[in-house]
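Here is the structure we will look at.
The values are calculated or read from the model by the stated rules, or taken from the named source; none is laboratory data. Note that this is a predicted model, so its numbers are computed, not measured. Cβ atoms come from the backbone with ideal geometry, glycine included; neighbour counts cover every protein chain shown. Just so you know, the surface numbers come from the protein's heavy atoms only, side chains and all, with ligands and any DNA or RNA stripped out. Shrake-Rupley method; radii C 1.70, N 1.55, O 1.52, S 1.80 Å.
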Amino acid sequence: ETVLLSRRYVSMDTLAGDLYISQSRLSQDLKTVGSILEKYHLTLERAKGVGVRITGDPLDKRDCLMKESSISLVDDVQYIGNSKYDHMLDMSSDIVTSIMLRHDFSVSDITLQNIVVHVAATVEMLIRGSVIEEDLQPDPSTDPEERVIAREILERCSDKFGLSFNDNEVENLAVNIHGKREYDTDDFITSKVDEHVLNG
C-alpha cells in the first residue's frame, strides 16, 4: 500500500527499503513532501517507532496524486512517464476517447489528456478502496450530458477493472470534465470555472 492512499502508518525502515534510499535521505525527503502536502491541506504525520502516514480529505489526496506525480511517497508512482501505469493510461484513454466521440463531445488534445489522467487516478484510487464518502451535491452549472458521459466512463471502467463506484464519483468526474471544457473554450479562467476545478 502507498503512504498517500493508506490510512495506516508505514514504517520508516519499510519506506526507505522500498525507495532504496538511506534513513537520512528519507528524513530530508519527508520535509520536502510535507511542504508539498500542505498545498493540498494534507498532513504528514510521524509517530516515533511506528512510522508515517498522510491524513486529510480523500478528494485532496486525489488532487495531490494527479498534480504532484513527482512525490516519491506515492509508491514511486508517476502517472506520466512511468511504464508501470502506461497500461492503465492506455485503457483509460481508450474508454474516455470512445465515449467522448460517441457523444460528439469535442475538447482539445490537452484537455482530453487531462481528463484521461483524472480517470486513471480515479480508477487507481477505487482499486485501492479509496471512495469519496462525502456527499457531493449536483452542481447546477454542470451540463447534464457531462454527467451522462462521466457515468458511462465510470461504468466502462467498472466493467474493465472490476470495481464499484457511487454517485459522488460521477459528480466529481462530471465537474472535472465541465471545468476542463470551460477552460478549453475560454481565453481566461473565470472564478466560477476555477471553483469547479478546485472542487473537482
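Here are the numbers:
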{"item": "Of the criteria (1) of a type in the set (Lys, Arg); (2) more than 16 Å from Asn172 (Cβ to Cβ); (3) outside any strand (DSSP E or B); (4) at pLDDT 85 or above, which one Arg46 fails", "result": "(3)"}
{"item": "Segment 96-107, subset of a type in the set (S, T, N, Q) and in a helix (DSSP H, G or I), residue farthest from Lys180 (Cα to Cα)", "result": "Ser98"}
{"item": "Some residue of segment 139-158 being under 16 Å from Lys61 (Cα atoms) and out of contact with any Cys (no Cβ under 8 Å at 6 or more places or on another chain)", "result": "no"}
{"item": "Residue list for segment 18-34, filter: modelled with pLDDT under 80 and not charged (D, E, K, R)", "result": "Leu19, Tyr20, Ile21, Gln23"}
{"item": "Residue check for Tyr85: at pLDDT below 80, hydroxyl-bearing (Ser, Thr, Tyr), within 29 Å of Val52 (Cα to Cα) and part of a loop (DSSP other than H, G, I, E, B)", "result": "no"}
{"item": "Boolean, Val116 is under 15 Å from Ser93 (Cβ atoms), without any contact (Cβ under 8 Å) to a residue 40 or more places away in the chain and surrounded by 18 or more Cβ atoms within 10 Å (Cβ to Cβ)", "result": "yes"}
{"item": "Within segment 150-166, considering residues that are assigned to a helix (DSSP H, G or I) and without any contact (Cβ under 8 Å) to a residue 24 or more places away in the chain, the one most open to solvent (accessible area, probe 1.4 Å)", "result": "Asp159"}
{"item": "Sole exception among (1) at pLDDT below 85; (2) more than 20 Å from Gly179 (Cα to Cα); (3) of a type in the set (Val, Ile, Thr); (4) loosely packed, with under 14 Cβ neighbours inside 10 Å for Ile110, by number", "result": "(2)"}
{"item": "Subset of segment 132-149 [hydrophobic (A, V, I, L, M, F, W, C) and open to solvent by 50 Å² or more (accessible area, probe 1.4 Å)]", "result": "Val148"}
{"item": "Near pairs, Cβ below 7 angstrom, 6+ apart or cross-chain, from segment 8-32 (part of a strand (DSSP E or B)) to any residue that is open to solvent by 40 Å² or more (accessible area, probe 1.4 Å)", "result": "Val10/Arg53"}
{"item": "Qualifying residue in segment 65-81 (condition: open to solvent by less than 40 Å² (accessible area, probe 1.4 Å), outside any loop (DSSP other than H, G, I, E, B), closer than 23 Å to Asn168 by Cα and at pLDDT below 80)", "result": "yes"}
